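Presented below is the structure to which this report refers.
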Amino acid sequence: SQQGEEDPQALSIQEGENATMNCSYKTSINNLQWYRQNSGRGLVHLILIRSNEREKHSGRLRVTLDTSKKSSSLLITASRAADTASYFCACKAAGNKLTFGGGTRVLVKP
Amino acid sequence: DGGITQSPKYLFRKEGQNVTLSCEQNLNHDAMYWYRQDPGQGLRLIYYSQIVNDFQKGDIAEGYSVSREKKESFPLTVTSAQKNPTAFYLCASSNRPQGAGGANVLTFGAGSRLTVL
């Protein structure tokens, strides 16, 4: 069973706009990670947020975590055409495996 | 450059045939994983190995087999018992076995696309 569920499933924006996607999970987690996948390629790790953290930044990426709501969000600011990809959240519970959600497909139009 | 190499990139199989996907890493990672991805879907764990000569079933192990004779290598065999093998297969590794209390960041290969004719 999948721990993380992303929303929306697909997102289309203009270059320069911000893109926000959400991830909800069911059980307590140790950390939550976000990965990017370009079409037909492997996944690339973007950012990790631990259960005792509420917000992290990395370049144009901002991740929040709300453990009371069991949800996380990924914000990409000032999007570029190169940000076009699928984005996955992955949840790690203590003692358990890393479980991936179904992903959000992001299209950034020039 | 350190990384994970998967081969072949594309593979075609006739029904009833076994095929083996290769995964090699030079990151000196202890743990290695195989995931399956269907179109428009997330990743599902097939098998994982935390140490040489040891591996565990993931969520969808039926019809697959693995070996871990060397730290660098974790080949996946898709057997004829796998009824719907057409998918994108991803190999990954990490420097800490899953189940440890700390962070566990995966490094992925570029994937192998298997098509059954």
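Please verify whether segment A:47-69 includes one or more residues that are open to solvent by less than 40 Å² (accessible area, probe 1.4 Å), farther than 21 Å from B:Thr107 by Cα and assigned to a loop (DSSP other than H, G, I, E, B). No - not one qualifying residue is present in segment A:47-69. Of the residues making up segment A:71-95, those that are open to solvent by 20 Å² or more (accessible area, probe 1.4 Å) and either in contact with a Phe, Trp or Tyr (Cβ under 8 Å, 6 or more places away or on another chain) or more than 7 Å from chain B (Cβ to nearest Cβ) (or both) are A:Ser71, A:Ser73, A:Leu75, A:Thr77, A:Ala78, A:Arg80, A:Ala81, A:Ala82, A:Thr84, A:Ser86. In the condition set (1) open to solvent by less than 40 Å² (accessible area, probe 1.4 Å); (2) more than 13 Å from chain A (Cβ to nearest Cβ); (3) without any contact (Cβ under 8 Å) to a residue 24 or more places away in the chain; (4) not β-branched (Val, Ile, Thr), B:Leu45 is compliant with all but (2).
How many residues are under 18 Å from B:Gln82 (Cα atoms) and among the β-branched types (Val, Ile, Thr) when one looks only at segment B:5-44? Qualifying residue count for the region: 2. Exactly one residue among B:Gly63, B:Gly16, B:Gly102 is within 14 Å of another protein chain (Cβ to nearest Cβ) and either surrounded by fewer than 20 Cβ atoms within 10 Å (Cβ to Cβ) or at pLDDT 95 or above (or both), and that residue is B:Gly102. Here A:Ile29 clears all of (1) assigned to a strand (DSSP E or B); (2) surrounded by 18 or more Cβ atoms within 10 Å (Cβ to Cβ) except the condition numbered (1). Within segment A:96-110, the set of residues being buried (at least 21 other Cβ atoms within 10 Å of the Cβ) and within 15 Å of A:Ser12 (Cα to Cα) comprises A:Gly103, A:Thr104, A:Val106.
The values are calculated or read from the model by the stated rules, or taken from the named source; none is laboratory data. Because the structure is a prediction, the values reported are computed rather than measured. Here Cβ is always computed from backbone atoms with ideal geometry, including for glycine, and neighbour counts include all displayed protein chains. Side chains included, ligands, DNA and RNA excluded: accessible areas come from the protein's heavy atoms. Shrake-Rupley method; radii C 1.70, N 1.55, O 1.52, S 1.80 Å.
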